[in-house]
Amino acid sequence: MLELVDISRRFGDRWAVANASISIAEGEMIGVIGPSGAGKSTLLRLINRLIDPSGGTILSDGTDITALRGRDLRTWRGRTAMIFQQFNLVNRLDVLTNVMCGRLHDMPIHRVLMKWFTPAERALAVRALDRLGMAEMAMNRADALSGGQQQRVAIARALMQQPKILLADEPIASLDPLNAKLVMDALADINRRDGITVLTNLHTLDTARSYCRRIIGMSAGRIVFDGAPEALTETVLRDIYGQADHDVLDERITSTALPAGALAAAAG
């Protein structure tokens, strides 16, 4: 169980997240929606402790995450893997090495400096890439891949951390519909088969409705909705998005199976 209790983060005079309280059960897949600047990305970074809260507490099975320092904090970050909109791969390195870098948080400093990975780690990386349909690209440089391919490599790298929680920050915002579906299908498969908790920020309502059994809506740093997709009424959406035409934000990603050869077609 992950609990956020009145968690807040202030940047200057602006509250990016204000008194957010959430309880997240193990194995949930949750979508976080809201307009730009609502605090979605800040919320995920607070959970991962990439940034520190200005107030409040984060608890994981009774452990105060906000109090962690040093090695304990590195361990927590390793168990709460982050996937970013811009992939954050090392362009000059090959795909396999990028994926193996997911183990850096568990490696002694001399192995980090030498970039020395064990045969078991290499095998684990290949299996992660194969699961994401990217094994044949293992020796390609990361900057030779399309955006959708890079995001799937980033997911494989996250799996190398053997996380309990996957935090995905707008993972499909820069992708075309086909690659967006491949990425969301991969996250849903990881959640379903591995029981890993997935918390993902999404900029399209249809995607959140299709993939997430629970949705959190944020507005001006506050949580204004927490419930099932079917409870997202027009009134609720106005609370989240204000007067914005939220329908413009929708890019429908169908939940039907991809046609044969679609994965190969996405390689372009």
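The values are calculated or read from the model by the stated rules, or taken from the named source; none is laboratory data. Values in this document were obtained by computation on a predicted structure and should not be read as measured data. With ideal geometry, Cβ positions are generated from the backbone for all residues, glycine too; neighbour counts draw on all protein chains shown. Areas reflect the complete protein model, heavy atoms only, side chains present, ligands, DNA and RNA absent. Shrake-Rupley method; radii C 1.70, N 1.55, O 1.52, S 1.80 Å.
In the range 112-131, the condition of being part of a helix (DSSP H, G or I), open to solvent by 50 Å² or more (accessible area, probe 1.4 Å), at pLDDT 90 or above and of a type in the set (Val, Ile, Thr) is met by at least one residue. Tell me, please, whether a residue that is at pLDDT below 95, open to solvent by 40 Å² or more (accessible area, probe 1.4 Å) and touching a Lys or Arg at 6+ places or on another chain (Cβ under 9 Å) can be found in the range 211-228. Within the range 211-228, none of the residues are at pLDDT below 95, open to solvent by 40 Å² or more (accessible area, probe 1.4 Å) and touching a Lys or Arg at 6+ places or on another chain (Cβ under 9 Å). If you go through the range 193-238 and pick out every residue that is more than 20 Å from the chain's Cα centre (by Cα) and part of a helix (DSSP H, G or I), you end up with 7. Among the residues of the range 41-50, those identified as open to solvent by 10 Å² or more (accessible area, probe 1.4 Å) and either of a type in the set (Gly, Ala, Ser) or at pLDDT 95 or above (or both) are Ser41, Thr42, Arg45.
Per-residue answers, yes or no, for (1) within 20 Å of Arg79 (Cβ to Cβ); (2) open to solvent by 10 Å² or more (accessible area, probe 1.4 Å):
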residue	(1), (2)
Gln162	yes, yes
Leu167	yes, no
Ser174	no, yes
Pro177	no, yes
Lys181	no, yes
Asp185	no, yes
Ala188	no, yes
Arg192	yes, yes
Val198	yes, no
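Residues in the range 51-105 that are open to solvent by less than 20 Å² (accessible area, probe 1.4 Å), among the polar types (S, T, N, Q) and within 16 Å of Asp143 (Cα to Cα): Asn98 alone.
When the criteria are applied in full, Glu251 fails the requirement of being at pLDDT 90 or above and charged (D, E, K, R). Listed conditions (1) among the hydrophobic types (A, V, I, L, M, F, W, C); (2) within 14 Å of the chain's Cα centre (by Cα); (3) open to solvent by less than 20 Å² (accessible area, probe 1.4 Å) are all met by Ile22, apart from (2).
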